[in-house]
Amino acid sequence: MTPNSAAPATTTAPTTGQAAARPSAADGHTWWREAVTYQICPRSWADGDGDGVGDLPGITAHLPYLRELGVDAVWLSPFYVSPQADAGYDVADYRDVDPVFGTLADADALIERAHGLGLKVIVDMVPNHSSDEHVWFQAALAAAPGSPQRARYLFRDGKGADGSLPPNNWISVFGGIAWTRVTEADGRPGQWYLHLFDRKQPDFDWSNPEVRAEFESVLRFWLDRGADGFRVDVAHGLVKDPALPDWDHRLEMLGDADADADPDADADADASEPEDRPHAPMFDQDGVHEIYEQWRRILNSYGAPDRILCAEAWVEPPVRAARYVRETEMHQAFNFDFLDARWDGPRLRTAITDSLAATGSVGAPTTWVLSNHDVVRHASRFGLEQDHRRPNGIGAKDRQPDRLVGLRRARAATALMLALPGAAYLYQGEELGLPDSTDMPDAFRQDPAFHRTGGGELGRDGCRVPMPWAKDAPAFGFGSTGGTWLPQPPIYGDYAVDQQEGVAGSTLELYRTLLAIRRQHRLGAGTFTWLEDYAGHPAYDEVVGFVTTGGDGARVGVVSNLGAEPVALPTGGRVLVASGDLTTEGRLPTDTTAWVLLTG
Ligand code: NOJ
């Protein structure tokens, strides 16, 4: 199968229609309960000025594409003033746009255009740390130990007679120790500051009321400009155990490094957080919740329709993650359990059951996500053997994914995801079936995780390569000059938007169809029941099947076949869409998902 392969015979293609005719999940106050949000990395989506880096005017010009795709909202990864030491997650000024992306006026224009198209805009808020080039951190460096300027961050004296040892043994998420020693004004080696990520990302001290007040003001700044909400970076990390005790484990942003550091270890080794391990002193402290209660009050004060918060919280187990979406806190939290479940029937069923139970227990919608800017794209992940945990990047020396298998599974996985009740997140380019760049020369890699681990971790550049829009244009249509801040693999041309638009059966048209049917039947507002014919039946261990009754009352059976043999679809129904061709007998082949409108 290629990205623009022939259409499954069973696909029906509803029209996407005009704004007024489009029944929108985003119409109501609680739009977020069933919204589909499309994530854009501003560096990599569309380059309006031809400097090789994407920007806000480029995004604004391409927003109609998202409208046609059929999503409800767009989430923009950070576009603030930043030295870009971590792709913008190192913010030097939370109230302005980095010149590489444009101006504040460009941000205003983007929000206005999006709203005109019926799209919500979610801004990325980065409250755990700033850039070391933030005016507050520069003031802290210039000030003395114990000063109010230093009290906005986590400065501590070092251990040992001359303070030359770091204050504790924490390891940065990106590798290396999580502390950097500064030079004091008199030229002598001085205190250390904490950075859970890169040394250019000093952590704020959230026990300081000044920090809290500052972020409340920043939230209002963007809400006043029309932002519809915030994705909250490292939402589980703001509050640390005040004793900053040693911690003999390494935590990763994208999972738990302790869980199976050996990739050849037992396949079940990463199933959950080790139960015998004490709670991490830097993550998921109870104190974070009152911060989000206060933020929720601020958002609520803006009235209807709801402005929202979505937590990026790598928290285990799901029941702890659900604490972030209690009625008085955030609206959504990313469902990383689902993302981590692999292409594996039992794991997917468990992830779905547990997620629905956890968020259901607090009355919040579940969210679903398969790809983002921090993980290998699912079209590549699922092309690898599924007996290992998700890799942090794929390089030329690694086992290469099977592109066709990966794409087939990715289409099936997305079809499964978009039928599940709740909200969903898409990552730019996945609607094209885009694979990661898996043979990028190391010289191009920019991810601090690559550099801080001496190349031990390849990092996330592979999923951040600029979008292909047009096969025969410079930089595949990303920008007019042909420049791209990361190299695009030559095969990206075959995945370009112009190769798929209007081509029946292409991955882009499949996404459009799925999103249109999802909207038509309001599947995001649906109920959920496992299909008894498959669930728990040993012969169907690798089949994931459920029935959902959409918000419009339509009953839809959803079946994903991850097994080797074709399986029968529920009888008495009409196939609405399938992620690939059915067999000539109308059965569902391996690595395929179908939605069936049940009439019986
Ligand atoms: C999570 C973000 O998704 C990631 O890209 C970033 O590197 C870290 N937080 C640090 O801000």
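Note down the nm distance, to one decimal, between modelled labels 7 Å out along Cα→Cβ at residue 224 and at residue 138.
2.3 nm
Set the Förster distance to 45 Å, then compute FRET efficiency between residue 320 and residue 183 from the Cβ-Cβ distance, nearest 0.05.
0.65
Given bins 10 angstrom wide, list per bin the percent of all Cα-Cα distances in the range 135-194, short to long.
24, 52, 24, 0
Could you tell me what percent of the accessible area of the range 135-194 is made up of carbon and sulfur, with a 1.4 Å probe and every protein chain present?
Heavy-atom surface of the range 135-194 belonging to carbon and sulfur, 1.4 Å probe: 59 percent.
Can you compute the equivalent ellipsoid semi-axes for the chain, i.e. the square root of 5 times each eigenvalue of the Cα gyration tensor, sorted largest first and rounded to whole Å?
So the equivalent ellipsoid measures 39, 26, 24 Å along its semi-axes.
Obtain the nm distance between the two label points defined at residue 362 and residue 93 by a simple spin-label model: each point lies 7 Å from its Cα along the Cα-to-C-beta direction.
3.6 nm
Test of the criteria: in the range 269-351, which GluC sites (Glu not before Pro) are in a DSSP loop and have at most 13 other Cβ atoms within 10 angstrom of their Cβ?
275, 327
Quick check for you: with a 1.4 Å probe and neighbouring chains kept, what is the accessible area per residue of the chain, in Å²?
For the chain, the solvent-accessible area averages 36 Å² per residue.
Are there trypsin sites (Lys or Arg not before Pro) in the range 550-589 that DSSP puts in a loop and that have at most 16 other Cβ atoms within 10 Å, and which ones?
Counting only loop positions with at most 16 other Cβ atoms within 10 Å, the trypsin sites (Lys or Arg not before Pro) in the range 550-589 are 587.
Show that you can apply the helix-only estimate: for the chain, add -39,500 (n - 2.57) for every DSSP H stretch of four or more residues, divide by all residues, and state [θ] at 222 nm to the nearest 500.
Here the helix-only value at 222 nm equals -6500 deg cm²/dmol.
For the range 162-211, what is the charge dipole size about the Cα centre, in debye to the nearest 20, if Lys and Arg each add +1 at the Cβ and Asp and Glu each add -1 at the Cβ?
Here the size comes out at about 200 debye.
For residue 585 and residue 302 in one chain, what is 0.36 nm times their gap in residues minus the Cα-Cα distance, to one decimal in nm?
Full extension from residue 585 to residue 302 adds 96.4 nm.
By how many nm would the segment from residue 397 to residue 210 lengthen if fully extended, with 0.36 nm per residue of separation less the alpha-carbon distance?
Taking residue 397 through residue 210 to full extension adds about 62.5 nm, to one decimal.
The values are calculated or read from the model by the stated rules, or taken from the named source; none is laboratory data. Note that the structure is predicted; figures quoted are calculated from it, not measured. Note: ideal-geometry Cβ built from the backbone for every residue, glycine included; neighbour counts use all protein chains shown. Each accessible area value is taken on the protein alone, full model and side chains, heavy atoms only, with ligands, DNA and RNA left out. Shrake-Rupley method; radii C 1.70, N 1.55, O 1.52, S 1.80 Å.
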